[in-house]
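In what follows, a structure is listed as C-alpha cells, so that the remarks can point back to it.
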Amino acid sequence: MVVGRRSAPDLIRLARGQNGVIEGAQLRAAGLTRSAIRARARRGRLVRVFSDIYVVGDPKLMPLALPTAALLSIGRDAVLSHRSAATVWGLADPDPEAIDVTVVARHPRPRRGVRLHRVTRLHPDDIARRSNLRLTSVARTAIDFAAQATSSELYHAFGEARAKHRLTDRALNASLDRLPPNHPGVAIVRSMLKAGDTYDRSKAERIMRTLCRQAQLPQPRVNRLLHGFLVDFLWPDAKLIVEVDGHGTHGTRQAFENDRRRDQVHVAAGYVVIRVTWEQLQNESLAVLARLAQALARRAA
C-alpha cells in the first residue's frame with residue numbers, strides 16, 4: 001500500500017511540525033509499507049538518523065532536526081537540556097558531537113550521539129516549549145549548563161539571557177530551590193548570584209571597545225568561535241585573546257578544568273590568552289588597558 005494523495009500533504013505538514021523529522025510508525029500509519037520506507041531512504045528522500053526515526057531531507061541543513069529526532073527516539077517525556085537546550089535558547093554554541101537529553105525516572109538504552117541525563121523528577125515549571133521542542137526552561141537550562149560550560153561560556157550565556165530578557169533572578173532562584181544541593185550546577189550559579197556576578201555581556205563589550213578607542217588600539221572581534229571555543233575578545237592578527245572571568249565560577253573545579261583545557265588548545269595554536277575578572281574590567285579598566293597595550297605591542301614586535 002502506498003501513501004494516498006490525501007495523506008501525502010498531511011505527512012509533509014506533520015514533518016514540518018516536527019522540524020523535518022518523522023517516525024516510521026507515522027509513515028506506516030499513513031500507508032507506507034516498510035519496503036516503501038526503505039526505498040525512499042535509498043533514494044535519499046528519507047534519512048534514517050535513529051532507529052525508525054527519519055529526516056525528510058538533509059539533516060545538516062536543518063539544525064533542529066537531530067535534536068527533535070533524539071527526543072522522538074527516546075520518548076515523549078524526554079526533554080532537550082544542558083548545552084543543547086542552551087543552543088535552542090540562543091545562549092550557547094552547540095556541541096557537534098552530542099545532543100543533551102534529560103529523562104525522568106527511567107533508563108533508556110544509549111544512542112550514538114546522544115548524552116543522556118537521568119533525574120528522579122522534573123518540575124513542570126522547569127519544562128518549556130520552543131521551536132516545536134520540549135526543553136528545559138531558561139532558568140533550569142542555565143543551571144544545568146553551568147556544570148558543562150567554561151566560565152567564559154557561562155558568563156556569555158547569562159549575558160545573552162539578560163540582554164534578551166529571558167532570565168530573572170526570581171525564576172533562577174525558584175529553579176535552584178527545586179534542585180538537590182548536590183546538583184553540579186547549583187553551587188556555581190548560587191555563587192554567581194551571591195557575588196552579584198552574572199556578567200553583562202553588552203556592557204563588557206562597550207567597556208572594551210571604549211578602552212581600545214580611547215587608547216587608539218585595534219578593536220577586537222567579540223564572541224568569536226576559535227578552535228571550537230567561544231572567546232570573549234579576539235585580536236586575530238596579534239593572535240591575542242582576552243577572556244573575562246567572573247568571581248562566581250572562578251574557583252569551581254569544573255570551571256578551572258574547562259578554562260585550562262581551552263587555554264591549552266589556544267596556546268598550542270600560537271595564541272596568547274589574558275584572563276581578567278569582570279570586576280577588574282569594570283573597576284580597574286586602566287590597568288587592564290595597560291596590560292592589553294603591552295601585549296599587543298609585544299605581539300606586533
>> I need every pair where a residue in the range 257-268 that is outside the structural domain of T150 (by TED's automatic domain parsing) and over 13 Å from V231 (Cβ atoms) has its Cβ under 9 Å from the Cβ of a residue that is modelled with pLDDT under 85 and of a type in the set (D, E), sequence separation at least 6 or different chains.
In response: none
> Among the residues of the range 93-100, is there at least one that is in contact with a strand residue (DSSP E or B) (Cβ under 8 Å, 6 or more places away or on another chain), crowded, with 20+ Cβ neighbours inside 10 Å and among the small types (G, A, S)?
Replying inline: no
> Taking the range 257-301 as the region of interest, how many residues are surrounded by fewer than 16 Cβ atoms within 10 Å (Cβ to Cβ) and not hydrophobic (A, V, I, L, M, F, W, C)?
Replying inline: 14
>> With in a helix (DSSP H, G or I), closer than 23 Å to L80 by Cα and not assigned by TED's automatic domain parsing to the domain that holds G75 as the only criterion, which of I188, I207 stands out?
In response: I188
>> Pull out all pairs, ordered by first then second residue, where Cβ-Cβ is under 9 Å, the residues are six or more apart or on different chains, the first lies in the range 44-70 and is within 17 Å of T87 (Cα to Cα), and the second is part of a helix (DSSP H, G or I) and modelled with pLDDT under 95.
In response: A65/P59; L66/P59; A69/P59
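Based on this model, can you work out whether S35 counts as in a helix (DSSP H, G or I), at pLDDT 90 or above and either in the same structural domain as I127 (by TED's automatic domain parsing) or buried (at least 22 other Cβ atoms within 10 Å of the Cβ) (or both)?
Here the answer is no, as S35 does not meet what is asked.
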>> Please go through the range 122-140 and give me each residue that is surrounded by 18 or more Cβ atoms within 10 Å (Cβ to Cβ) and assigned to a loop (DSSP other than H, G, I, E, B), ordered by number.
In response: L122, S137
>> Can you tell me which of (1) assigned to a helix (DSSP H, G or I); (2) surrounded by 15 or more Cβ atoms within 10 Å (Cβ to Cβ); (3) charged (D, E, K, R); (4) free of Cβ contacts under 8 Å to residues at least 40 places away in the same chain is the one R83 doesn't meet?
In response: (4)
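The values are calculated or read from the model by the stated rules, or taken from the named source; none is laboratory data. Just so you know, these numbers come straight off a predicted model, no measurement behind them. Glycine gets a Cβ as well: all are built from the backbone with ideal geometry, and neighbour counts include every protein chain shown.
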